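The values are calculated or read from the model by the stated rules, or taken from the named source; none is laboratory data. Treat the numbers as computed from the prediction; the structure is a model and nothing was measured. For neighbour counting, all protein chains shown are included, and Cβ atoms are generated from backbone atoms with ideal geometry for every residue, glycine included. These accessible areas exclude ligands, DNA and RNA; they are computed on the full protein's heavy atoms, side chains included. Shrake-Rupley method; radii C 1.70, N 1.55, O 1.52, S 1.80 Å.
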Amino acid sequence: MPTHKTFQVKAKLLRNQRVAEKHYKMTLASSRLAKQAKPGQFVEVKVSEGPEPLLRRPFGVHRVSGSNFEILYEIVGIGTQLLSQKKPGASLDIIGPLGNGFTLSTTHHTAHILVAGGMGVAPLLFLAEKLKKQKPLVLIGAKTKRHILREKEFKQLGCSVKISTDDGSAGFPGKVTELLQDILQGHSPWKDNPCALYACGPRPMLKEIALIAKSHKIPAQISLEAHLACGIGACLGCVVNTKQGYKRVCKEGPVFEAQEIIW
Amino acid sequence: MNPNLEVKIGRLKFKNPVTVASGTFGYAEEFKDFINLKKLGAIFTKTITLKPRLGNPPPRTCETPAGMLNSIGLENPGIEGFIKEKLPFLKKIGVPIIVSIASEAGADEFMVLARRLDKIKEVAAIELNISCPNIKEKKTKRLISQDADATYDLVKSVRKVTKKMLITKLSPHVPDITEIACAAEKAGSDAVSLINTFPALSIDIETHRPQLATVTGGLSGPAIRPIAVRMVWEVYQKVKIPIIGIGGIIDASSALEFFLAGATAISIGMANFINPAASTEILEGVKKYLIKNKIKDIRMLTGALKT
Ligand SMILES: Cc1cc2nc3c(=O)[nH]c(=O)nc-3n(C[C@H](O)[C@H](O)[C@H](O)COP(=O)(O)OP(=O)(O)OC[C@H]3O[C@@H](n4cnc5c(N)ncnc54)[C@H](O)[C@@H]3O)c2cc1C
Ligand SMILES: Cc1cc2nc3c(=O)[nH]c(=O)nc-3n(C[C@H](O)[C@H](O)[C@H](O)COP(=O)(O)O)c2cc1C
Ligand code: FES
């Protein structure tokens, strides 16, 4: 068997379930990918047989079990629309595992806080699984109650879960970053423990996380998105500005130290 | 029987006519996990400049109908960085390495670059990128390849300082590409490659902002293919030097169009992004076509268009 860290594979689609309004969970078979993927890494999926749409679509590895892996995705345009129509038995052209995932700082920190905004839950479930012995705290931010994803799955792993919704229909009313502020400042067990943050979500939220982490002097790893053309570090199209110059989201990222990024 | 696939670009032999285009294949190492690099006819590196370049601010790419825009802005480690960090891997592959070079400062800097590369045995040829829409000559604010005289002067200057094969890469953003190709030929270019990307704009209607930070960028992909094929055909009728056809090749049939129009070799561009194994798959497809149609030599296809 080839030993390459990244590879192209035809993966068989096992399940493509709707899990919320516009959200699907897809299970794909590839023992190689399941074995090699690390939390925070992603795959590039060809969503059609033909040339339209042209580019692959990137998705974080959501979970791994046995020789299968899952992706969790939201329909936002043509590519994800096509993906949602795929049926079990189909075979999907996939490249992965790609990028640098989260660094698990299990020895240095006692408390782990995972912050997900919207679709940001996707790579964090896989991370929570790897951190489950440390019983992480998971904050899930969503627009409304109906948009909360994977609450049950995080709980099943033994995580404590706190919710925030923009409209106040469930949990803390407001932004997930405000919830995080509350927790870090309040009289919670999280207050005085050394802790580490891991976050995925929209850029404004991640920027906010970087500021919060800085003011509390805690390390934070954030997973960024960018439009990818190649996904394998060749085109230099996906760069983000950092203190060490431009870095590729698809190669040096998608996970970065929050304080590295120039927002 | 296996058809002949070997082609010649000047004195240079490619064991097959399928190459990879500058800027779409990084420095080859990015693709080593996906294909056997030895199978390629030649590799064109990302364009190199004298000094390291940071490139343009992001966002630098966006998908468009049957194509994409890019405004990378020639991010590269500079010639010395290239020689130190990238060339050692390229050297070991064992296929002709063609180093693409560019400058905003004009002929003098091109000559410095060419002299430096002239000394390196493993550099098979130099491609003069005078057609990147993301960098314009500082003095004139235009592309060298938009002017026949400027093209002639530039190629002539570089020709004087190197014995390496010279390939001149042309822009489609001109009224008559044959004039530019003829100027390059007259000045001593051993081949021309065409086309580079076409300047274009894509707008986000929600924010009223351009999709790229630089507002415009270069269009590539199947969207530009028929333009590229037409240009190859026009140039084929006017020059004797070989043509390397580029633009929207994503499969064997699109590659074959270029040979029929007059290309001696082809380069795979953004198709490498869609499928990292596109180049070698296209090579296999071309081979199959030749066998199926009992064509003994790829060279018999070049310019075989019936009009
Ligand atoms: C590293 C990484 C991991 C991701 N993980 C997930 C995930 O686990 N689940 C999930 O639902 N989404 C994820 N995304 C976002 C996802 O890739 C986009 O939602 C998807 O590409 C949209 O494609 P579309 O054709 O449906 O949308 P369209 O808007 O039609 O797409 C048009 C073009 O823009 C690109 N694009 C649009 N939105 C994004 C975006 N947010 N990020 C990057 N490119 C985009 C598309 O790839 C396409 O090239 C991830 C993105 C990155 C970069
Ligand atoms: C992301 C990207 C980067 C590119 N960078 C370069 C470059 O550095 N030098 C160059 O001569 N052409 C560059 N090109 C142009 C390609 O080599 C090619 O001419 C063009 O993309 C058309 O071919 P295609 O449609 O097959 O992609 C680049 C193209 C893309 C898409
Ligand atoms: S998407 Fe091409 S380098 Fe990251």
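Which condition breaks for residue A:263 when tested against (1) surrounded by fewer than 19 Cβ atoms within 10 Å (Cβ to Cβ); (2) aromatic (Phe, Trp, Tyr); (3) free of Cβ contacts under 8 Å to residues at least 40 places away in the same chain?
Of (1) surrounded by fewer than 19 Cβ atoms within 10 Å (Cβ to Cβ); (2) aromatic (Phe, Trp, Tyr); (3) free of Cβ contacts under 8 Å to residues at least 40 places away in the same chain, only one is false for residue A:263: (3).
Scan the range A:213-231 residue by residue and report those that are within 14 Å of chain B (Cβ to nearest Cβ) and either basic (Lys, Arg) or farther than 24 Å from residue A:124 by Cβ (or both). I'd like the intermediate steps shown before the answer.
Let us first name the residues in the range A:213-231 that are within 14 Å of chain B (Cβ to nearest Cβ), namely A:224-231.
Answer for the range A:213-231, where residues must be within 14 Å of chain B (Cβ to nearest Cβ) and either basic (Lys, Arg) or farther than 24 Å from residue A:124 by Cβ (or both): A:229, A:230.
Return the total of residues in the range A:244-260 being open to solvent by 10 Å² or more (accessible area, probe 1.4 Å) and either away from ligand 3 (no atom under 16 Å from the Cβ) or within 12 Å of chain B (Cβ to nearest Cβ) (or both).
The qualifying residues number 9.
Here are some conditions: (1) at the interface with chain B (Cβ under 9 Å from one of its Cβ atoms); (2) buried (at least 24 other Cβ atoms within 10 Å of the Cβ); (3) polar (S, T, N, Q). Residue A:241 meets all but one. Which one does it not meet?
Of (1) at the interface with chain B (Cβ under 9 Å from one of its Cβ atoms); (2) buried (at least 24 other Cβ atoms within 10 Å of the Cβ); (3) polar (S, T, N, Q), only one is false for residue A:241: (2).
Does at least one position in the range B:162-185 carry a residue that is modelled with pLDDT under 95, within 12 Å of ligand 2 (Cβ to nearest atom) and either on the phi < 0 side of the Ramachandran plot or open to solvent by less than 30 Å² (accessible area, probe 1.4 Å) (or both)?
no
Residue-wise test of (1) assigned to a helix (DSSP H, G or I); (2) modelled with pLDDT of 95 or more; (3) open to solvent by less than 10 Å² (accessible area, probe 1.4 Å); (4) within 16 Å of ligand 1 (Cβ to nearest atom).
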| position | (1), (2), (3), (4) |
| --- | --- |
| B:249 | no, yes, yes, no |
| B:254 | yes, yes, yes, no |
| B:260 | yes, yes, no, no |
| B:267 | no, yes, yes, no |
| B:276 | no, yes, yes, no |
| B:282 | yes, yes, yes, no |
| B:288 | yes, yes, no, no |
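Taking the range A:204-243 on its own, how many of its residues are under 21 Å from residue B:211 (Cα atoms) and within 11 Å of ligand 3 (Cβ to nearest atom)?
Going through the range A:204-243 one residue at a time, the tally reaches 14.
Report yes if residue A:231 is assigned by TED's automatic domain parsing to the domain that holds residue A:115, open to solvent by less than 30 Å² (accessible area, probe 1.4 Å) and over 17 Å from the mean Cα position of the chain (by Cα), otherwise no. So that I can check it myself, show each step before the final result.
On the way: assigned by TED's automatic domain parsing to the domain that holds residue A:115: yes; open to solvent by less than 30 Å² (accessible area, probe 1.4 Å): yes; over 17 Å from the mean Cα position of the chain (by Cα): no.
No: the conditions fail for residue A:231.
Within the range B:187-235, work out how many residues are part of a loop (DSSP other than H, G, I, E, B), within 12 Å of residue B:248 (Cβ to Cβ) and either open to solvent by less than 10 Å² (accessible area, probe 1.4 Å) or away from chain A (no Cβ under 14 Å) (or both).
At the first step, the residues of the range B:187-235 found to be part of a loop (DSSP other than H, G, I, E, B) are B:187-190, B:195-197, B:202, B:205-208, B:211, B:213-214, B:221.
Still in the list and also within 12 Å of residue B:248 (Cβ to Cβ): B:195, B:197, B:221.
With the extra rule that they be either open to solvent by less than 10 Å² (accessible area, probe 1.4 Å) or away from chain A (no Cβ under 14 Å) (or both), the set shrinks to B:195, B:221.
Selection size over the range B:187-235: 2.
So which pairs qualify, if the first residue must be in the range A:146-158 and outside the structural domain of residue A:63 (by TED's automatic domain parsing), the second must be in a loop (DSSP other than H, G, I, E, B) and not charged (D, E, K, R), the Cβ gap must be under 7 Å, and the two must be at least 6 apart or on different chains?
A:148/A:170
For the range A:46-63, enumerate the residues that are more than 9 Å from ligand 1 (Cβ to nearest atom) and within 23 Å of residue A:253 (Cβ to Cβ). Let's see the steps before the verdict.
As a first pass, look at the range A:46-63 and keep what is more than 9 Å from ligand 1 (Cβ to nearest atom): A:46, A:48-52, A:63.
If the condition is that a residue be more than 9 Å from ligand 1 (Cβ to nearest atom) and within 23 Å of residue A:253 (Cβ to Cβ), then A:46, A:63 are the ones that fit.
Looking for whichever is within 14 Å of chain A (Cβ to nearest Cβ) and not β-branched (Val, Ile, Thr) here; the options are B:265, B:277, B:261. Which one fits?
Numbers: B:265 fails: within 14 Å of chain A (Cβ to nearest Cβ); B:261 fails: within 14 Å of chain A (Cβ to nearest Cβ).
When all the criteria are applied, what remains is B:277.
In the range A:229-243, how many are assigned to a loop (DSSP other than H, G, I, E, B) and out of contact with any Asp or Glu (no Cβ under 7 Å at 6 or more places or on another chain)?
Residues in the range A:229-243 being assigned to a loop (DSSP other than H, G, I, E, B) and out of contact with any Asp or Glu (no Cβ under 7 Å at 6 or more places or on another chain): 5 in total.
Output the residue which, of all residues in the range B:43-73 that are under 22 Å from residue B:29 (Cα atoms) and part of a strand (DSSP E or B), is nearest to the other protein chains (Cβ to nearest Cβ).
B:61
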